[in-house]
1. Going through ALA105, ALA99 one at a time, which residue ends up being touching a residue at least 60 places away in the same chain (Cβ under 8 Å), open to solvent by less than 90 Å² (accessible area, probe 1.4 Å) and assigned to a loop (DSSP other than H, G, I, E, B)?
2. On the basis of being modelled with pLDDT of 95 or more, out of contact with any Ser or Thr (no Cβ under 7 Å at 6 or more places or on another chain) and open to solvent by less than 40 Å² (accessible area, probe 1.4 Å), does PHE78 make the cut?
3. Give me the residue from the stretch 168-190 that is without any contact (Cβ under 8 Å) to a residue 40 or more places away in the chain and within 17 Å of the chain's Cα centre (by Cα) and, out of that set, nearest to TYR100 (Cα to Cα).
4. Pick from the stretch 196-215 the residues that are of a type in the set (A, V, I, L, M) and in contact with a His (Cβ under 8 Å, 6 or more places away or on another chain): which of them is nearest to THR180 (Cα to Cα)?
5. Could you go through the stretch 167-178 and let me know if any residue there is among the aromatic types (Phe, Trp, Tyr) and out of contact with any Lys or Arg (no Cβ under 7 Å at 6 or more places or on another chain).
6. Could you figure out which of (1) farther than 27 Å from ARG304 by Cα; (2) open to solvent by 40 Å² or more (accessible area, probe 1.4 Å); (3) in contact (Cβ under 8 Å) with a residue 24 or more places away in the chain; (4) not in a strand (DSSP E or B) isn't true of ARG84?
7. May I ask you to verify whether ASP222 is surrounded by fewer than 24 Cβ atoms within 10 Å (Cβ to Cβ), free of Cβ contacts under 8 Å to residues at least 40 places away in the same chain and in a loop (DSSP other than H, G, I, E, B)?
8. State which residue pairs qualify: first residue within 20 Å of LEU202 (Cα to Cα) and inside the stretch 244-272, second residue assigned to a helix (DSSP H, G or I) and of a type in the set (Gly, Ala, Ser) in any location, beta carbons under 9 Å apart, and separation of 6 or more residues or different chains.
Amino acid sequence: MSEETGTVSTVGRARAVMALNNAYFQSKIMQSAVELGVFELLADGPADAETLREKLGIQHRMYREYFGALVGVGLLEFDGERYRNSADADEFLVPDRAAYLGGTARQHAKLHYLAWGKLTEALRDGHAKSEVRPEGGTKAFTEYYEDLDRARRMMTHVDAHNGFMAEELAKHIDWRDVNTFVDVGGARGNLAARIVLAHPHLTAGVVDLPALEPLFDDLVRDLGVADKVRYHGGDFFESEWPVADLVVIGHVLPDWPDPERRKIVARCFETVRPGGTLVVYDALVDDQRDPDTLLRRINSTMIRDDHLPWSVSDCQELLAEFGFTVERLFISDTIAHDHVIVATKPG
């Protein structure tokens with residue numbers, strides 16, 4: 001910044017452009033540290049560079065520089081002899097922590113990062129570039145989830161997001177007159193289970209693909225809510241959905257072409273009891289064109305061919321068309337800042 005003019009110098013502006021160009025350096029050292037198990041190892045106590053190198057199986061000659069870079073981005077601390085996890089790394093990047101984000105770091109390393117490497121190609125040919133590229137409906141995910149280990153890794157990614165959303169919905173939705181709710185596309189039930197823990201009078205159902213049921217069983221057992229949350233395996237069009245006072249649907253509707261999306265909303269209307277509530281949460285584009293939301297929307301199209309742009313007004317208009325009355329709209333205080341739309345069905 002020039003003191004005389006208050007403007008940023010040419011070199012300052014050039015640095016800003018280069019920082020944007022090199023931004024993936026920081027994300028990759030974090031992702032590799034998760035994959036190597038750096039934070040998991042240091043959760044047992046601090047260690048010097050040689051101990052870390054040996055236990056992690058690192059052969060690269062720049063290992064000290066690598067650990068130093070992790071210090072530089074705030075994930076490790078160094079006292080001159082030994083490294084330890086920073087407070088953020090200990091809370092978010094050590095497995096089994098309540099707010100573990102390592103699963104989503106692994107997912108981005110294995111799936112999203114490689115897809116984004118072909119962004120230019122995708123813009124030119126109009127097709128997603130990930131290994132999950134359904135030509136129609138849930139077929140790709142049905143096949144993807146057949147490998148339970150791979151499905152489990154995906155669920156740690158999903159849980160990293162919906163755990164925070166569960167807290168938001170538990171706080172900001174009025175559950176006093178709700179006895180039953182259904183989470184449509186609820187993965188292995190993390191959101192439903194955590195809402196039930198916050199409001200023990202509730203019982204819940206989770207609708208998602210049958211392949212995820214074993215992972216659901218493990219989660220609800222571990223959280224102690226197996227008697228209050230049930231799984232309903234099937235696709236969004238053929239399976240039976242239990243009637244409920246409230247339906248939650250998040251990160252689902254933009255993944256479908258318009259005809260299927262309309263069918264899903266119609267089924268939501270049928271599922272909600274008269275006078276009941278529908279809650280939709282997603283990264284919806286609004287008039288402010290928030291760059292983070294736009295990047296998330298592009299990310300989804302890099303993963304799946306059938307993911308379409310969708311805005312707040314698009315969602316509100318579709319809900320109204322099928323008979324819902326939109327009552328509230330707010331932006332969630334989550335890691336993704338999803339929009340939440342609350343609508344009611346006439347009594």
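1. Working: ALA105 fails: assigned to a loop (DSSP other than H, G, I, E, B).
Unique residue meeting the criteria: ALA99.
2. Working: modelled with pLDDT of 95 or more: yes; out of contact with any Ser or Thr (no Cβ under 7 Å at 6 or more places or on another chain): yes; open to solvent by less than 40 Å² (accessible area, probe 1.4 Å): no.
Criteria not met by PHE78.
3. ASN190
4. VAL206
5. We begin by selecting, within the stretch 167-178, every residue among the aromatic types (Phe, Trp, Tyr); these are 175.
Checking the rest, the ones that are also out of contact with any Lys or Arg (no Cβ under 7 Å at 6 or more places or on another chain) come to 175.
Yes.
6. For ARG84, the exception is condition (4).
7. Values: surrounded by fewer than 24 Cβ atoms within 10 Å (Cβ to Cβ): yes; free of Cβ contacts under 8 Å to residues at least 40 places away in the same chain: yes; in a loop (DSSP other than H, G, I, E, B): no.
In short, no.
8. VAL248/ALA192
The values are calculated or read from the model by the stated rules, or taken from the named source; none is laboratory data. As the structure is a prediction and not an experimental result, all values here were calculated from the model. Neighbour counts run over all protein chains shown; Cβ positions are idealised from the backbone, glycine included. Keep in mind that these areas ignore ligands, DNA and RNA; they rest on the heavy atoms of the full protein, side chains included. Shrake-Rupley method; radii C 1.70, N 1.55, O 1.52, S 1.80 Å.
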